[in-house]
1. What pairs can you find where one residue is in segment 236-259 and free of Cβ contacts under 8 Å to residues at least 40 places away in the same chain and on the phi > 0 side of the Ramachandran plot, the other is open to solvent by 20 Å² or more (accessible area, probe 1.4 Å) and in a helix (DSSP H, G or I), and their Cβ atoms are less than 9 Å apart, with a gap of 6+ or different chains?
2. Of all residues in segment 285-323 being open to solvent by 40 Å² or more (accessible area, probe 1.4 Å) and part of a loop (DSSP other than H, G, I, E, B), which is modelled with the lowest pLDDT?
3. Checking residue 92 against (1) modelled with pLDDT of 95 or more; (2) out of contact with any helix residue (DSSP H, G or I) (no Cβ under 7 Å at 6 or more places or on another chain), only one condition comes out false. Which one?
4. Quick check, is residue 59 open to solvent by less than 70 Å² (accessible area, probe 1.4 Å), modelled with pLDDT under 95, on the phi < 0 side of the Ramachandran plot and in a strand (DSSP E or B)?
5. Tally the residues that are in contact with a Phe, Trp or Tyr (Cβ under 6 Å, 6 or more places away or on another chain) and either over 30 Å from residue 110 (Cβ atoms) or modelled with pLDDT of 95 or more (or both), restricting the search to segment 154-198.
6. Give segment 100-121 a look and list any residue that's under 11 Å from residue 146 (Cβ atoms) and surrounded by 11 or more Cβ atoms within 10 Å (Cβ to Cβ), or say none.
7. Any residue at all in segment 248-262 that's in contact with a His (Cβ under 6 Å, 6 or more places away or on another chain) and under 23 Å from residue 287 (Cα atoms)?
8. Looking only at segment 231-250, which residues are buried (at least 17 other Cβ atoms within 10 Å of the Cβ) and touching a Phe, Trp or Tyr at 6+ places or on another chain (Cβ under 9 Å)?
Amino acid sequence: MTKARTSKTQSKPNGKSRKAAPGEAERFDVYQHVTDKIVAALEAGTRPWEQPWRSTGCSLRPLRFNGEPYRGVNVLMLWVSAQERGFSSPFWMTFQQAQSLSGAVRKGERGTKVVKAGQSVYGDDKPEGGDEGGEADGPKVRRWLKAYTVFNCDQIDGLPERYRTPEAEPPPLPERLEAADRFFANIPAKVTHGGDRAFYRISADDLHMPAFELFRDAEHHAATLAHELIHWTRHPSRLDRDFGRKAFGDEGYAKEECVAELGAANVGALLGLRPDHIEDHAAYLASWLKVLKDDKRFIFTAASHAQRAADLLESYQTAEAAQ
């Protein structure tokens, strides 16, 4: 496992960086690193969730060496890296994992940071001082987040055949859209078709979509519906997600839109679609950038909420299959 590089800056509570004081230990700031990568991509006009894998016919979700999909903010980080460097393989692994598969990371290749979250329990439940009547000190929990380095299979030689990127073209669109239609039909949301706007209304718990014919193509229709269904998951009877939104365009609005877009990207990856309908105008992206720059931890929060929302939508498919 490659050690994380140390940072020459430390972050203030508002997410801005400062130089470390003399003698102060330098640490790799995982939150700042991830946020900086996302902000840089957005400022360059690149949406990190529009990854390049669709043209290869392989999985749209980043996969670990054992085929298990990455989750949460790691999905976003690996999409960013794939975009920046033109990777086409969905598989990622550590240096040691590549070696265990008789592979070798090519000399000079630069890895990509991903993160692992966990918690440690410490302390004991013995009474302080050993007195029989003393009050017990319960175990304490310390949550931690650490970064480690992975390499895309495009950077590794000698891996087994199963890690090769397929050259075949993606399946025909009608086949994919049938799967998308089945996926959406299993979700018990009230959807009204008509008008020229797509939106979710929490007060009535209903979702409005323009007629299918008004969309440029079927994938844009599916991506838009996925986006609005992520909003649908925020209802108090479901995930009860609330960022304090009071008015259109405020910080709470920007945070919820960020979650909806990331969640739609997760659903799109699951279905083999590429959500790319986000409103591109400068004010929309600027509101995202402000939220991310003001709070270096928010992209982790947004990715976590987006994953839970996508998981909820997927759970309706499991329930349907079990019947």
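The values are calculated or read from the model by the stated rules, or taken from the named source; none is laboratory data. Predicted model, so just to flag it, every value in this text is computed and none were measured. Every residue, glycine among them, receives a Cβ derived from its backbone with ideal geometry; neighbour counts consider all protein chains shown. The protein model used for the area step is the full one, side chains on, heavy atoms only, and it has no ligands, DNA or RNA in it. Shrake-Rupley method; radii C 1.70, N 1.55, O 1.52, S 1.80 Å.
1. 244/251; 244/255; 249/283; 249/287
2. Going through the qualifying residues, I end up with 323.
3. So residue 92 meets the others, but not (2).
4. Here the answer is no, as residue 59 does not meet what is asked.
5. Matching residues across segment 154-198 total 3.
6. 113, 114, 115, 116, 117
7. Looking through segment 248-262, at least one residue is in contact with a His (Cβ under 6 Å, 6 or more places away or on another chain) and under 23 Å from residue 287 (Cα atoms).
8. If the condition is that a residue be buried (at least 17 other Cβ atoms within 10 Å of the Cβ) and touching a Phe, Trp or Tyr at 6+ places or on another chain (Cβ under 9 Å), then 231, 232, 234, 243, 245 are the ones that fit.
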